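Report on one structure; see the data block that follows.
The values are calculated or read from the model by the stated rules, or taken from the named source; none is laboratory data. Treat the numbers as computed from the prediction; the structure is a model and nothing was measured. Every residue, glycine as well, gets a Cβ built from its backbone with ideal geometry; the counts of neighbours run over all protein chains shown. The accessibility values were calculated without ligands, DNA or RNA, using every heavy atom of the protein model including side chains. Shrake-Rupley method; radii C 1.70, N 1.55, O 1.52, S 1.80 Å.
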Amino acid sequence: MNAHASPPMPLHPTLAAVTERIVSRSTAARTTYLASVAAQGRAGTQRAGMGCANMAHTTAALPLQDKLTIHAERAPHVGIVSAYNDMLSAHQPYEHYPELLRNHARSLGATAQMAGGVPAMCDGVTQGAEGMELSLFSRDVIALSTAVALSHKVFDAALMLGVCDKIVPGLFMGAVQFGHLSTVFVPAGPMTSGLSNDAKAKVRQQYAQGLVGRDALLESEAQAYHSPGTCTFYGTANSNQMLMEIMGLHLPGSSFVNPGTPLREALTREAMRRALANTGKTGAPAVRLADIVSEKTVVNGIVGLLATGGSTNHTLHLVAMARAAGVLIDWDDFAELSAVVPLLARVYPNGSADVNHFHAAGGMGYLMQELLGAGLLHANVATIMGQGLHAYTQEPWLDGEQLAWRPVPATSADTSVLRPMSAPFSADGGLRLLQGNLGRSVVKVSAVKPEHRVVRAPAVVVSDQQDLLALFNAGQLERDLVAVVRYQGPRANGMPELHKLTPPLAVLQDKGFKVALVTDGRMSGASGKVPAAIHLSPEALANGPIALVRDGDIITLDCERGLLQLEVDEATLATREVHHPDLSANAHGTGRELFGLFRTHAGTAETGGSPLI
């Protein structure tokens, strides 16, 4: 299954320089992490020296043959960690994966158990509601849950079953604490295409303007989100899938194969076979998770996000994921790479196509082939397939009933969706670092037209997204403005996504007004055509300068120069006092009482917003 490897291209100098800087910055943290992994590897599993009572508990519920196999201690044993629930369409297909995987392990002479489940909430359900205030920290709960699942120390390998927004980052953060294990991430694939993304966005804007009713809106949404599988727009969930593949943790070409198909099932079985092979107990060399996750792997992940216009949420999540493995990255790294990595894909909200269209046009294999050919990926990295990223320039197919791989086409099947390096959609990756006297933030401009990338206008300041929606509905925002939505950071209220603000701000922009958003909150993987300076750090509750902004203050948001500036002189700012609003309501109801410890100890957005790392 080895790809035809082309001669390695020289690394782009910026890629090399950024990687070298990350390696240097991470030396101490990486050394500590690898020492922990090495110690766990030397200790091995508990099975060999386990007391009889402990072993009996391990195997009590298993069929007799599985018990005998585990007791003999000759075959690898795999732990399955699943985020299955049927609240999430993307995770519903996982319902029957454990039995499929256990049976396949048996057919290969090994054993597998469901090690544990992790929670998985749907941001699409909780958008604009209190539940979204648990969303970011659900990632850290998932990391903790993954660690609990693997803490029994009876496994030689692990399979991670998860897809959506916080789930894959959380699984990753937990799994890398057990970096001595062979680990494979197992996707479930996107739902088939429904209502077009452009049509859906149009109805959302019409509803925001009161031009259509709730019945029309619900019908539109139901036609878009209609079956098992990931939502088909290129938000955080599908950015996760891209990330796991370009980091070598998925099987090549497996991220965007639809659920319920023979190819999807064949790939799921192959994930088990690959995890077993990588244990080093079946004759093939061992490949541990810690062998795969490195500074180079993380840089490849950043490049993938930039080349595809991926989710801005990963300026938090990928930072936290990397730190969990001792790799320290920051927004300067994203910005410097964005300046040299071209945008090769246009998938909604950065275009009209969905991820099924992207996959059909050539998908991940074509994308990686182009980036490798330009020296914009580290090719010499370990993956679950072994050494080298060139195995990922292949796509899976069924040769009869047999899973096989073949080279991806040399050309894109649709250049309106996926382009070669010679003709990118734009010369850069569309992610910018904004900084000035308000602090540091990021902005995604891949869907923002050039004429909307510089906004200088008076501030409209609110401390709750509902207040801004109320002003819009009352017709009080019919003018040029910079909406400042503060007290939305990790410590204030768990940093919920503010996706509900996209339609009204887009309506104002379409009316010809200069409009932008500045917030210490998140705008989700669906950041769209309105320029949004998000993740502003330090946040308002940490006495960041955003807490000093007043209605009518002039703010310049300049995506071209990387500037976010409050045009108020320092002497005036020095006279202003910070009066934090009453945020006690953020701590009550919908389980928010249980997350007070997370809010209190959350890191900054630029360090991943995690209370754990």
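Using just the Cα positions, wrap region 181-263 in a convex hull and report its mean projected area in square nanometres, one decimal place.
Its Cα hull, projected and averaged over all orientations, spans 6.7 nm².
What do you get when you divide the Cα radius of gyration of region 1-111 by 2.2 N^0.38 Å, with N the number of residues?
Normalised Cα radius of gyration, region 1-111: 1.63.
Would you work out what percent of the accessible area of region 404-512, with all protein chains in place, is carbon or sulfur (probe 1.4 Å)?
That share works out to 50 percent.
Project the alpha carbons of region 50-186 onto their principal axes and report the range along each, largest first, in whole Å.
53, 26, 24
Translational diffusion coefficient of region 460-599 at 25 °C, 0.890 mPa s, Stokes-Einstein with Kirkwood Rh over Cα pairs, in µm²/s as a whole number. Walk me through the intermediate numbers first.
On the way: Rh = 15.8 Å.
After rounding, the answer is 156 µm²/s.
Figure the gain on full extension for V454 and Q387 (residue separation times 0.36 nm, minus the Cα-Cα span) and round it to one decimal in nm.
Here the answer is 19.7 nm.
Can you quote the Å³ per residue value for the convex hull of the Cα atoms in region 521-587, rounded to an integer?
130
Would you tally the net charge around R561, using a Cβ to Cβ cut-off of less than 11 Å, leaving R561 out, and scoring K and R as +1, D and E as -1?
0
Of all the Cα-Cα pairs you can form in the chain, what percent are over 49 Å apart? Mind showing how you got there, number by number?
Details: 18907 of 187578 pairs.
The calculated P(r) of the chain puts 10 percent of pairs beyond 49 Å.
What's the percent breakdown of Cα-Cα distances in region 373-451 across 10 Å bins, shortest bin first?
Calculated over all Cα pairs of region 373-451, the distribution is 13, 27, 30, 20, 8, 2, 0 percent.
Report the dimensions of region 275-400 along its three principal axes from the alpha-carbon atoms, largest first, rounded to Å.
Sorted from largest, the Cα extents of region 275-400 read 46, 43, 24 Å.
Note the full-extension length gain between Q466 and S422 as 0.36 nm times their separation in residues minus their Cα-Cα distance, in nm to one decimal.
Contour length minus Cα-Cα distance gives 11.3 nm.
Mind putting together the pair-distance distribution for region 312-371? All Cα pairs, 5 Å bins, whole percent per bin, short to long.
4, 14, 18, 18, 22, 16, 7, 1
Evaluate E = 1/(1 + (r/R0)^6) for D480 and L573, where r is the Cβ-Cβ distance and R0 equals 22 Å; express this FRET efficiency to the nearest 0.05.
0.45
Can you give me the relative contact order of region 162-309 as a percent, contacts being Cα pairs under 8 Å and 6 or more apart?
Contact order relative to length: 33 percent.
Kindly give Rg over Rh for region 243-290, based on alpha-carbon atoms, with the Kirkwood expression for the hydrodynamic radius.
1.02
State the Cα centre-to-centre distance between region 349-380 and region 322-339 in whole Å.
21
In nm, what is the difference between 0.36 nm times the number of residues separating M9 and K153 and their Cα-Cα distance? Kindly include the intermediate steps, with their values, before the conclusion.
Details: separation 144, 0.36 × 144 = 51.84 nm, distance 4.13 nm.
Computed gain between M9 and K153 is 47.7 nm.
Share of region 108-188's accessible area from carbon and sulfur, percent, 1.4 Å? Numbers along the way, then the final one.
Numbers: 1130 of 1830 Å².
So the carbon and sulfur contribution to the accessible surface is 62 percent.
Just to compare against my own numbers: the Cα pair-distance distribution for region 217-257, 10 Å bins, whole % per bin, please.
The calculated distribution, bin by bin, is 27, 43, 21, 8.
Taking the Cα centre of each part, how many Å lie between region 175-194 and region 90-155?
Using only Cα atoms to place each centre, the spacing works out to 10 Å.
Computed over the Cα atoms of region 127-218, what is the convex hull's projected area averaged over all directions, in nm²?
Here the figure is 8.2 nm², rounded to one decimal.
With a 1.4 Å probe and all protein chains left in place, how much accessible area per residue does the chain have, in Å²? Could the numbers behind the result be given before it?
Numbers: 22460 Å² over 613 residues.
Here the residues of the chain average 37 Å² of exposed surface.
Over the chain, what is the relative contact order in percent, taking alpha-carbon pairs closer than 8 angstrom and at least six residues apart?
15
How many angstrom lie between the Cα centre of region 9-32 and the Cα centre of region 50-86?
40
Could you work out how far apart the two model spin labels at N380 and L62 are, taking each label as a point 7 Å from the Cα in the direction of the beta carbon, and quote it in nm?
Once both label points are built, they end up 4.1 nm from each other.
Just round it to a whole percent: the fraction of Cα-Cα distances in region 250-336 exceeding 22 Å. Don't skip to the answer; put the middle values down first.
Working: 1706 of 3741 pairs.
Of all Cα-Cα pairs in region 250-336, 46 percent lie more than 22 Å apart.
A587 to T282: FRET efficiency via 1/(1 + (r/R0)^6), r the Cβ-Cβ distance, R0 51 Å, to the nearest 0.05?
Numbers: r = 51 Å, r/R0 = 1.00.
Calculated transfer efficiency: 0.50.
As a quick test, which of the pairs K166/K514; K202/K449; K444/K514; K166/K500; K153/K296 have an alpha carbon distance above 27 angstrom in this structure? Don't skip to the end; give the middle numbers.
Working: K166/K514 33 Å; K202/K449 18 Å; K444/K514 17 Å; K166/K500 19 Å; K153/K296 29 Å.
From K166/K514; K202/K449; K444/K514; K166/K500; K153/K296, over 27 Å: K166/K514; K153/K296.
Just to confirm the number: angle between the C-alpha axis of helix 295-308 and the first principal axis of the chain, 0 to 90 degrees, nearest 10?
Taking Cα atoms only, the helix is inclined about 50 degrees.
Say each of S227 and L594 gets a label point 7 Å from the Cα, pointing the same way as Cα to Cβ; how far apart are those two points in nm?
3.5
As a check on your grasp of the helix formula, calculate [θ] at 222 nm for the chain: sum -39500 (n - 2.57) over DSSP H runs of n ≥ 4, divide by the residue count, round to the nearest 500.
Value at 222 nm, helices only: -11000 deg cm²/dmol.
In region 393-544, how does Rg compare with the Kirkwood Rh, expressed as the Rg/Rh ratio over alpha carbon atoms?
1.13
Once region 328-459 is represented by equal point scatterers at the alpha-carbon sites, with solvent omitted, what log10 I(q)/I(0) does the Debye formula produce at q = 0.12, 0.13 Å⁻¹?
Those come out to -0.59, -0.68, one per q.
What FRET efficiency, computed as 1/(1 + (r/R0)^6) with R0 = 41 Å and r the Cβ-Cβ distance, is obtained for S24 and A216, rounded to the nearest 0.05?
Details: r = 56 Å, r/R0 = 1.36.
That gives a FRET efficiency of 0.15.
Add +1 for every Lys or Arg and -1 for every Asp or Glu among the other residues with Cβ under 12 Å from the Cβ of K200, and state the total. Walk me through the numbers on the way to the answer.
Values: positive: K202, R204; negative: D198, E219, E221, D354.
Result for the neighbourhood of K200: -2.
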